[in-house]
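Written below as structure tokens is the structure these notes are about.
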Amino acid sequence: MALLHCRGLRKEFAGHVVLDQLDLTVAEHRVVALIGASGSGKSTLLRCVNLLEELDDGTIELDGEDISDPRVDPDRVRRRIGMVFQAYNLFPHLSVLENITLAPRRVHRRARVEAEAQARELLDRVGLGAKADAYPDRLSGGQQQRVAIVRALANSPRLMLLDEVTSALDPELVGEVLAMIRDLKADGMTMVLATHEMGFAREVADEVCFLDAGRVIESGPPEQVLREPTQPRTQQFLHRIIQAGRL
Amino acid sequence: MTLLEHVPSEAQVRRSAYRRRQTVYSVLVAASSTAALGTLLVIAVTGAPGWDRVRQSFLDPAIARDALPAVLSGLWLNVRLLVCCAAGALVLGLVIAVLRTLRGPIFFPVRALATGYTYTFRGLPLIIVLYLLTLGVPGLRLQGMPPVLVLGGIALILTYGGYLAEVFRAGIESVHPSQLAAARSLGLTYRQTMRHVVLPQAVRRVAPPLLNDVVALQKDVGLVSLAGPIDAVRAAQIATAQTFNYTPYVVAGVLFVLLAIPLIAVTDWVTLRAARRQSGG
Ligand SMILES: Nc1ncnc2c1ncn2[C@@H]1O[C@H](COP(=O)(O)OP(=O)(O)OP(=O)(O)O)[C@@H](O)[C@H]1O
Ligand SMILES: [Mg+2]
């Protein structure tokens, strides 16, 4: 059974339709990459799945439960989904350790020592153990983004949503974040990631979905979508990307 | 293996020596220009034709000594009122600001009340609130009426709570929505998001203007003497009426400034620190 199942999603902002009859299915342990031009609705889709935006139509099922039902408690749903943003969004007034343990302690009511031990272990695993007590503004962009991923992981989510997690980074810092996502995939984490890194999408994704004007107009294995796209819009988009030297 | 001590280059040694000389030179210039200006001021003031009369009626040491105990005990009232009112107004302002951010139809009346409160008390002159509470309320002759001093304190808290609520609200609104999104995406409830993510950042950011309002409050607490209790200024006024000499006012003024110095220093320090944090240092 699919872990995430979106059907007929629609979202508009003041009459401007951003998602339109969008379908997306993600099986457990699979990685789906969302690609598409700026403004095609990738971030909006991820925000809708995390219930940060209210849908205008359609249903979203997580683990077979209809989470788009207004009677569902969104806080409870979000605890099962980890989200990482393009701009990291770490809490600047909290140390790295406090950023990571905030949700485990306040949401999952875990004891402080236990939450901190888990956080330190996760940090050690990504080579950031020495930064546990630093504040976010003392970290490089790549380090901040890795902390943001660790923070999302500390909730032991069923599904990770990653929104262009490398776009704000200098090229030499992109690698360390991508390596971390690669490891997550190896651990079997289910992920939906919006990305402009076509090479990475090809390497890490099981499926690539091309979004255009709020719909998935082409999807399939990366080799097929990125090498032999059938839709003219996809061809155009990839052509521009190749011209820009990003594939 | 031991690390080799860094031996400064010849150029660096020369630069350091030059900087040290510059420092000594700057201190000397500052000291002599201050001395020159001070001398000029003293000559100008003491040489003024009315200086002797002014000195007698404003700077009489004997009268200052006599008035000091009364003014000091009045000042003690100011200090106690300031501490209680500042604490009360900060709590009230924070509560009102948070109430105004609540969304959802259930909270409509709360939101409306909080908004009405800030509009009313920011518009109403403090003196009128003071008179209404200290003269009007006792007129109701209710059982267990608190003393006038407490009523005056409540008037101060109500008025300053309105100002501080707006400062807190500006701070809450200055926290970027992406911080809220990040907190909510972690599963934190609205309350937890406010408590652990939004308010700590908001309060840090508006600490300087908040403290500024507390400094202003320090000067306004004395207004309770309009309703009877004797604060430092009122004590000075009484002493002046007895001696026909204004020295007690000067005594009170000096004491007020002394009292304000630590508060203002703290405000400056907090402002400086906030500015440093802002610049990402
Ligand atoms: N809160 C909002 N209010 C109004 N319009 C919005 C809002 N959020 C997104 N939009 C609009 O929705 C459209 C899709 O935005 P979205 O951020 O989902 O695109 P995207 O595919 O993530 O683009 P990018 O690659 O630049 O991140 C854009 O036209 C954007 O202007
Ligand atoms: Mg986006």
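Quick notes
- Of all residues in the range A:95-106, those that are free of Cβ contacts under 8 Å to residues at least 12 places away in the same chain have Cβ atoms under 7 Å from Cβ atoms of residues that are surrounded by fewer than 23 Cβ atoms within 10 Å (Cβ to Cβ) and among the basic types (Lys, Arg), 6 or more apart or on another chain, in A:ARG105/A:ARG112.
- Residues (surrounded by fewer than 19 Cβ atoms within 10 Å (Cβ to Cβ), under 28 Å from A:ILE60 (Cα atoms) and within 16 Å of ligand 2 (Cβ to nearest atom)) located in the range A:159-186: A:SER167
- Hits in the range A:38-62 (condition: near ligand 1 (Cβ under 7 Å from one of its atoms) and assigned to a loop (DSSP other than H, G, I, E, B)): A:SER38, A:GLY39, A:SER40, A:GLY41
- Conditions (1) surrounded by fewer than 22 Cβ atoms within 10 Å (Cβ to Cβ); (2) not in a loop (DSSP other than H, G, I, E, B): number failed by A:LEU19: (1)
- Checked against the criterion of being away from chain B (no Cβ under 13 Å), in a helix (DSSP H, G or I) and surrounded by fewer than 17 Cβ atoms within 10 Å (Cβ to Cβ), the candidates A:ALA117, A:ALA134 yield just one match: A:ALA117.
- Being modelled with pLDDT of 95 or more, assigned to a loop (DSSP other than H, G, I, E, B) and either surrounded by fewer than 17 Cβ atoms within 10 Å (Cβ to Cβ) or within 14 Å of another protein chain (Cβ to nearest Cβ) (or both) is a property that A:LEU90 has.
- Exactly one residue out of B:LEU164, B:LEU130, B:LEU180, B:LEU151 is buried (at least 18 other Cβ atoms within 10 Å of the Cβ), part of a helix (DSSP H, G or I) and at the interface with another protein chain (Cβ under 10 Å from one of its Cβ atoms): that is B:LEU180.
- Hits in the range A:97-114 - residues which are part of a loop (DSSP other than H, G, I, E, B) and within 14 Å of chain B (Cβ to nearest Cβ): A:VAL107, A:HIS108, A:ARG109, A:ARG110
- Residue list for the range A:139-157, restricted to those being surrounded by fewer than 17 Cβ atoms within 10 Å (Cβ to Cβ) and over 18 Å from A:VAL174 (Cα atoms): A:SER156
- Subset of the range B:206-235 (residues that are in a helix (DSSP H, G or I), touching a Gly at 6+ places or on another chain (Cβ under 7 Å) and crowded, with 18+ Cβ neighbours inside 10 Å): B:VAL206, B:VAL224, B:ALA232, B:VAL233, B:ARG234, B:ALA235
- Residues satisfying the stated conditions in the range A:55-73, i.e. more than 17 Å from the chain's Cα centre (by Cα), surrounded by 17 or more Cβ atoms within 10 Å (Cβ to Cβ) and within 14 Å of chain B (Cβ to nearest Cβ): A:ILE67
- Test: residue in the range A:21-30 that is within 16 Å of ligand 2 (Cβ to nearest atom) and on the phi > 0 side of the Ramachandran plot: no
The values are calculated or read from the model by the stated rules, or taken from the named source; none is laboratory data. Owing to the predicted nature of the structure, the values given are computational and were not obtained by experimental measurement. Using ideal geometry, Cβ is built from the backbone for each residue, glycine included, and neighbour counts are taken over all protein chains shown.
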